[in-house]
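Encoded as structure tokens, the structure appears first; notes follow it.
Since every read-out is calculated from the coordinates, none of them should be taken as a lab result. Please read these numbers as outputs of a predicted model, since none were measured by experiment. When we count neighbours, we look across all protein chains shown, and the Cβ atoms used for this are built from the backbone with ideal geometry, even at glycine.
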Amino acid sequence: MTETALTVHQTARPAGFPTAGHFRFAESPVPEPAPGTVLVENLYWSVDPYHREMMDGDFELDAPLEGRTLGRVVDSRSPSLAEGQIVLHRQGWRTHAVVRPEEIRRIPSHPGVPLSAYLSVLGGTGLTAYVALTRIARLREGEDLFVSGAAGGVGTATGRFARLLGAGRLIGSTGTPGKAAYLRDHVGYDAAFDYRTGPVADLLAEAAPTGLDVFVDNVGGDHLGAAIGALRTRGRVVRVGTIGQYNTPEAPPVLFDHADVVEKSLRIEGFLVSDYQDAQEELYDFAVPHLRSGALAADETVIDGFERIVEAFLLMLRGGNTGKILVRAGS
């Protein structure tokens, strides 16, 4: 094991899109675990859209950042965690972390399932998609679904899960023609459009001329307004995120016909996946057999080397990834 640990600190609050200048890498000796704790050498890191929101005030400046991470216990001072155990914890954006047993989740052994899947389709990303469909929207077989930000981690997982759950027509929006083709050719979407090519309401009306039952929204803005207009009676909107506004706080409010919500008996509900940790085992029971059979794939963009974690984060914010973006420790 290396004798030097690296952490990433945020150095300033961004106005608009962050840059590499808003971060710095700090070196320190590898920390020693105290009694009752363990030292984890991190193997995979998740960079997520919500990190951009946290940069505006939740992340402390000049201190290590946080995020979901998979790592291996390399030094245990706790009888409940053995060295070699693979764990998930939230002290990411660093190569090593000292954590208490109550701060981690042990990663189960599912033969044939790649480790990275526990941060993507089996991790918080997949859990978000699963909860959106099963707990919030309560998707029924044959219902038509629209997903914004469909080529990202949550969007690809939502499309694949919805197909396995028996959804009817699947429609996705994304930011490039190549990603739209990927959604149609690989993920299982029936239609996908590049939202940059015209008004979202018009593109959605062309893709879903008879309307929609469910909208899973990762973007907000004009996508939300367009979807409310397209929803059928008793349609549901699941609000997952607003990535379209994270870097543009001055963006105008969403415009839609508020009478639609009443007249069509629509339901609009947001959620935090952290409130649904009880669904984790249910997700494993649902997804692992499909991963093993090949009916489900994990859509991932993997960046090698912890030193590229800031690069990966900025790439994600500008839509440079397909599926969940992960950083993998170098060899």
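What to note about this one:
- Distance between the 7 Å Cα→Cβ label points at Leu165 and Ser274: 2.4 nm.
- Among His22, His96, a tally of other beta-carbon atoms within 10 Å of each Cβ gives an order, fewest to most, of His22, His96.
- Estimated distance in nm for a label pair at Ala329 and Thr233, the labels positioned 7 Å out from Cα along Cα-to-Cβ: 5.8 nm
- Ranking Thr7, Ser46, Gly152 by how far each Cα lies toward the positive end of the dipole of the chain (charges on Cβ) leaves Gly152 at the top.
- Mean ellipticity per residue at 222 nm, deg cm²/dmol - from DSSP H runs of n ≥ 4 across the chain, formula -39500 (n - 2.57): -6500 deg cm²/dmol
- Largest GNM mean-square fluctuation among Val147, Val216, Val73, using the chain with Cα springs under 10 Å: Val73.
- Gain on full stretching of the segment that runs from Asp194 to Met54 - 0.36 nm per residue minus C-alpha separation: 47.6 nm
- Student exercise, segment 124-274 dipole from Lys, Arg, Asp, Glu Cβ charges, in Debye to nearest 20: 520 debye
- Beta bridges per DSSP, both residues in the chain: antiparallel share near 55 percent.
- Taking the DSSP beta bridges with both ends in segment 82-197, the antiparallel portion is around 20 percent.
- Label-point separation, Thr19 to Ala205 (7 Å along Cα→Cβ), nm: 4.2 nm
- In segment 124-274, the ratio of gyration radius to Kirkwood radius, Rg to Rh, stands at 0.92 when only Cα atoms are counted.
- Within the chain, longest stretch free of exposed GluC sites (Glu not before Pro) [DSSP loop, at most 10 other beta carbons within 10 Å]: 4-140
- The chain: proportion of alpha-carbon pairs further apart than 36 angstrom, %: 21 percent
- Nearest-0.05 FRET efficiency for Ser78 and Val261, computed from C-beta distance (R0 41 Å): 0.20
- Only Lys, Arg (+1) and Asp, Glu (-1) charged, at Cβ; the chain dipole about Cα centre in debye: 520 debye
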